[in-house]
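Step one of this worksheet: look at the structure below.
The values are calculated or read from the model by the stated rules, or taken from the named source; none is laboratory data. Fair warning: this is a prediction, and the values are worked out from it, not measured in the lab. FYI the Cβ positions are ideal-geometry reconstructions off the backbone, even for glycines, and counts take in every protein chain you see. In case anyone asks, the SASA skips ligands and DNA or RNA and just uses the protein heavy atoms, side chains included. Shrake-Rupley method; radii C 1.70, N 1.55, O 1.52, S 1.80 Å.
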Amino acid sequence: VIIAPLVEEWIFRGRVFSYARKIFPWEWAAISYQAMLFGIMHMNAYQGIHSFIMGLFLGYCYEKTGNLKLCMAMHAANNLVSFLMKYW
């Protein structure tokens, strides 16, 4: 719930997205690229689709705010809600 969002956000928004912004002239290409890789990394169709959508949202938030800690907090909140729903 906590460690994975920190590491995943650092990798996908902090590194992959930052690199993609340098090679893609259009911001949505970079956002889509990192979201696609984020979805694939989860290696499961259900989680992959959800992660792709979250990757689009978090990539957009990171593009607009430049705040990686905000993305980490939203990712952790999403994981906490998913975890609680699983055991509710």
In degrees, nearest 10, the alpha-carbon axis of helix 45-65 is tilted away from the dominant principal axis of the alpha carbons of the chain by 50 degrees
In a Gaussian network model over the chain where Cα atoms closer than 10 Å are linked, find which of 33, 19, 62 has the largest mean-square fluctuation. 19
How big is the charge dipole of the chain about its Cα centre, in debye rounded to the nearest 20, if each Lys and Arg gets +1 on its Cβ and each Asp and Glu gets -1 on its Cβ? 100 debye
As I understand it, the dipole of the chain uses +1 on the Cβ of Lys and Arg and -1 on the Cβ of Asp and Glu, about the Cα centre. Which of 54, 11, 87 lies farthest toward its positive end? 11
Treating the angle as unsigned and between 0 and 90°, give the value, to the nearest 10°, between the Cα long axis of helix 68-87 and the longest Cα principal axis of the chain. 30 degrees
Can you give the relative contact order of the chain as a percent, counting alpha carbon pairs under 8 Å and 6+ residues apart? 35 percent
Förster radius 35 Å - calculated FRET efficiency between residue 24 and residue 81, Cβ distance, rounded to 0.05: 0.65
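For the chain, what is the accessible area per residue in Å² when the probe is 1.4 Å? Each step should come with its number before you reach the end.
Details: 5770 Å² over 88 residues.
Ligands and nucleic acids excluded, the figure is 66 Å² per residue.
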How far apart, in nm, are two points set 7 Å out from the Cα along the Cα-to-Cβ line at residue 45 and at residue 7? 2.7 nm
Using the Cβ atoms and a cut-off under 13 Å, what net charge is assigned to the surroundings of residue 33, where Lys and Arg are +1 and Asp and Glu are -1? +2
